[in-house]
Each structure stands twice: as structure tokens, then as C-alpha cells.
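Following: one structure in C-alpha cells, then a few remarks.
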Amino acid sequence: MNCATLTLTERDSTLLQEAYHALCANLLFSNQECTVIAVTSCEKGEGKTTVCLNLAKNLAELGKRVLVMDADLRSSVMADRNASLSAAVGLSELLNGQCSLDDCLYTTQHQKLQLLFAGKRPPNPMELLNGNRFRVLMTELRNQYDYVLVDTPPFGAMFDAAVIAAHCDGAILVIGDRSVGRKRAQAVVAQLEKCCKLLGVVRNHTGKGRNFRAGAAHLAD
């Protein structure tokens, strides 16, 4: 299996870590039987990828078998920004039949946390995500991991996110503080709830200045 060094970009602060611990605890004790969870946002730049990776790390540290799937086939940033390699074989090659799942999985320095990168940008992302191979893959991953966190494109930007969410048990919506208006957020929530169960919302970028703070998520009972 391939290896990648995961680099989390957020500052290592006590408040930050407490926020991610709270998010992890809320998910674990939400009484929701959710294995495959979409992590999405309204627009770009709201921090969904960072939230997704930090949540995955916290779950893995509790002994859960976790996979982070980068399903943003159009404009992925995970391999470039958060790992030790930028040309990783990934989901697009897997769905095109160019490689097997084992060829695409990457272990990390965090025990029990694995990554499936997006791979090279394909000419037909919607066709791949709508195909039978993606449906079969999601079923296979559900049986192999305790949690599969799917980093989707922004829900308000591409229809791809709706297709992906329909294969998930639930979704977490990351909203950058002051970056998305109330009406826009409400519209995205309404769209998202047509595809899968909304587990909760994370308010991101709530700290002052350059400090990052993940707001508490309110997960459905």
C-alpha cells in the first residue's frame, strides 16, 4: 500500500483541538448510524477539507478505522495542500478502471487513517460519479471502515456534490463565518436535505485575526 505524510495546515492551539474533539464527540454520540459522511460547504474557501481531515484524525486516534475520500474531481486541493505528494493516483483512475482500490489507498502517519485522493482531473467527472463503479465502491468502503469521510465539491457550486451526497448516510455542512449569507446557507441546506440527512453544521473561521477556531457542530438527535 502507498504511504503519504498528512500535513494539517491549522495552527496547533488548545482551543482548536478542543473544538475538533467536541465535533468528534458530537458525531460519536449523536445516535446516528452513519458510516459514510459527506463533508461539504456552500462555497470554496470555507475550510471543509481541513475540517474533514482533522475530524478523521480525531476519529482514528480513538481507534476507529477511517478513510478520507477526496471526491472533488474538478478542483481538488487535498493532495497539493495536505499531503506529501501532489500527483497521487486516486478516485478518477479507480472509477475509470485504470487501477484497483488497493493501488489508490494511502496510509498515513496516523494509525487507522487512510486516504483516497481524487487523482487526475477527468474529462467526465459527472459521468464517473453517476456510474455503477462509484455505487459499488461506496458499498465496498462501507463494509471496510468504521467511518468514510467524503470531501465533496462545494454544494452550492457543482451538482457533483448532490450526486455524491445521495450515496452517503449523512452530511456535515461547513460554513465560513461571515463568508456566506443567511439566505444562501438556507438554500444550500434545503438542497442538501433532498439528497441525504443533514447531521449538523460547523461554523468555521470564527476566531479573531488569523486564529482559526472550529465552531461546535449541532448534530441531529
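Only a single criterion out of (1) outside any loop (DSSP other than H, G, I, E, B); (2) in contact (Cβ under 8 Å) with a residue 40 or more places away in the chain is not satisfied by PHE155, namely (1). Of the residues in region 132-152, none is farther than 20 Å from ALA60 by Cα, touching a Ser or Thr at 6+ places or on another chain (Cβ under 7 Å), open to solvent by 30 Å² or more (accessible area, probe 1.4 Å) and not acidic (Asp, Glu).
Would you mind finding the one in GLU127, GLU61 that is free of Cβ contacts under 8 Å to residues at least 24 places away in the same chain and either acidic (Asp, Glu) or on the phi > 0 side of the Ramachandran plot (or both)?
Just one listed residue meets the conditions, GLU127.
Looking across region 29-62, the residues that are under 19 Å from LEU141 (Cβ atoms) and part of a helix (DSSP H, G or I) come down to THR49, CYS52, LEU53, LEU55, ALA56, LYS57, LEU59, ALA60. Any idea how many residues of region 19-33 are under 17 Å from GLY63 (Cα atoms) and in contact (Cβ under 8 Å) with a residue 40 or more places away in the chain? The qualifying residues number 5. Taken across region 68-85, residues that are among the charged types (D, E, K, R), open to solvent by 50 Å² or more (accessible area, probe 1.4 Å), outside any loop (DSSP other than H, G, I, E, B) and touching a residue at least 12 places away in the same chain (Cβ under 8 Å) do occur, with at least one present. Here region 18-58 is the region considered, the condition is being surrounded by fewer than 21 Cβ atoms within 10 Å (Cβ to Cβ) and among the aliphatic types (A, V, I, L, M), and the residue that is nearest to TYR145 (Cα to Cα) is LEU28. Among the residues of region 94-105, is there at least one that is open to solvent by less than 30 Å² (accessible area, probe 1.4 Å), in contact (Cβ under 8 Å) with a residue 40 or more places away in the chain and out of contact with any helix residue (DSSP H, G or I) (no Cβ under 7 Å at 6 or more places or on another chain)? Yes, region 94-105 has at least one match.
The values are calculated or read from the model by the stated rules, or taken from the named source; none is laboratory data. The shown structure was predicted, so the numbers you read here are calculated from the model rather than taken from an experiment. With ideal geometry, Cβ positions are generated from the backbone for all residues, glycine too; neighbour counts draw on all protein chains shown. We work out accessible area using only protein heavy atoms, side chains counted, and drop any ligands, DNA or RNA first. Shrake-Rupley method; radii C 1.70, N 1.55, O 1.52, S 1.80 Å.
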